[in-house]
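One structure below.
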């Protein structure tokens, strides 16, 4: 997903991490591969964790949108969770 703010564009990347047993969402500038921050959802205990790497220059509006996107896209849907058990 792309997030636009002023003259800047940010992108999110969603993925799975088998070593940490969960899913993640990363935020980076659209023109860069450097990850600014990550939200990780743990399949083990259902918790969300935030890691900021270079987030000092990220506008608050972008951070808020990033959090909303993570809450929406990271937890598995009830039908997926039922199939896994």
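Read-outs throughout are calculated quantities, based only on the coordinates presented, and are distinct from any laboratory measurement. Model, not experiment: these values are computed from the prediction.
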Degrees, to the nearest 10: 60-73 long Cα axis against longest axis of the chain
20 degrees
Would you mind calculating the relative contact order of the chain from Cα pairs under 8 angstrom and at least 6 residues apart, reporting the percent as a whole number?
22 percent
